[in-house]
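S.K.: Got a structure for you, questions after.
A short reminder: the numbers here are calculations on the coordinates, not readings from a lab. Since the structure is predicted, the reported quantities are computational estimates derived from the model, not experimental observations. Here the Cβ positions follow ideal geometry from the backbone for every residue, glycine too, while neighbour counts run over all protein chains shown.
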Amino acid sequence: MVPRCRREVVIPRQSVTVSCPVVHCGKSLKIIWCKLSNTGRCQQIGNTENVKIWQRTCHKDRLLSYLTFKQISVCDGGLYRCEIRGLANGESHISNYINISVPGVFPRCEVATMVQRGTTVVTIPQQSVTVSCPVVHCGKSLIVTWCKLSNTGRCQQIGNTENVEIQQDSHLKDKLISNLTFKQISAGDDGLYRCELHGLANGESRVSHHINISVSAASLSQAVDESASWHPYFYICGGVAVLVFTLTALTLQQFYRRKQPTYKPTKKQDKYILNDICSPSAAQTPPPLITDGKQPLESTANEHPESAVINHAQSEISASKQHVATEQDKDPQYAAIIVS
């Protein structure tokens, strides 16, 4: 079930897998792989260090046979097919060819360092600083070293010390990263650094571009200035927030003040105020009044304070009339008839 004219184009040193779907109908079959030679004969392929043949059942009556090259090379290019053997009467079935193309025009892996030109690190004393050197090693065992350019133009190699640490991180297949770390950098560590690759063929080596590490107290003052540059923005934002809060509070205060009912005294309350103003002393109680020999009108005045002044005046008039009448009774020669 391999489709006709199937082609796989790959580059050297890659892992490549091709598959051959097979319908076995429950029979026990043998599946082999072969490569077409220049003579037209298909030479059988077996498992080696670089080649692996394996299969997986994907359905009740079907399976997949795989041919895997762990690291394919140019010489592995060619036409491949799978064959099914073990049928009745010694018959066999063959698949269509799979063309694996491994052209040599693809760029081969080259050992190199990947430090960018003009890399500069600006720092202040007593800080922890790390610079990196990416390396393409192409699977080769290389030695990565670090050095510092001296005043004489010679690059003096650097090793691990109490303050300096060199580490490597090889998380990719053909690449690694070498890190140079200063735990507490000082002004004396200022200068140009680079990494070097050793262990190539014929004793060759590769060097990276220089990394400029600048350590100065001016960087410290600049860092302080940069950290304080946000203070004006903080003060401006704070002032705006206070202004908005004040305006909101004043607006709410005016709103609630308008909603509160206005106090307007009633007519009776006006009389209370008039009595308080006209009376000589709020704490002074008017003397009890006697009319027609009855009980004093104190209780009546207490019950109706608004008419206290009027009742008091009328009581005085009645008392004066009563006094006149009494005087007339005492002197009958002045008796008079009063018609009202």
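S.K.: Loop only per DSSP, at most 11 neighbouring Cβ atoms within 10 Å: give me the trypsin sites (Lys or Arg not before Pro) in the stretch 77-150, ordered by residue number.
M.R.: Here the trypsin sites (Lys or Arg not before Pro) that fit, given the DSSP loop and packing criteria, are 108, 117.
S.K.: So for the stretch 112-222, averaging the separation of alpha carbon pairs under 8 Å that are six or more residues apart and normalising by length, what relative contact order in percent results?
M.R.: This gives 38 percent for the stretch 112-222.
S.K.: Looking at the square roots a ≥ b ≥ c of the eigenvalues of the Cα gyration tensor of the stretch 112-222, which shape do they give, rounded for a/c under 1.5, prolate if a/b is larger than b/c, or oblate?
M.R.: Judged from the Cα gyration tensor, the stretch 112-222 comes out prolate (a/c at least 1.5, a/b above b/c).
S.K.: Let me ask something else. Binning at 5 Å from 0, report for the stretch 9-74 what percent of all alpha-carbon pair distances ends up in each bin.
M.R.: 4, 15, 21, 21, 19, 12, 6, 2
S.K.: Let me ask something else about it. What pairs from 70/140; 35/70; 52/175 go past 24 Å between their alpha carbons?
M.R.: 52/175
S.K.: Pop out the ³J(HN,Hα) list for the stretch 37-51 in order, Karplus 6.51 cos²θ - 1.76 cosθ + 1.60 with θ = phi - 60°, rounded to Hz; leave Gly and Pro as x.
M.R.: Result, ordered by residue: 8, 5, 7, x, 9, 8, 8, 5, 10, x, 6, 9, 5, 9, 10 Hz.
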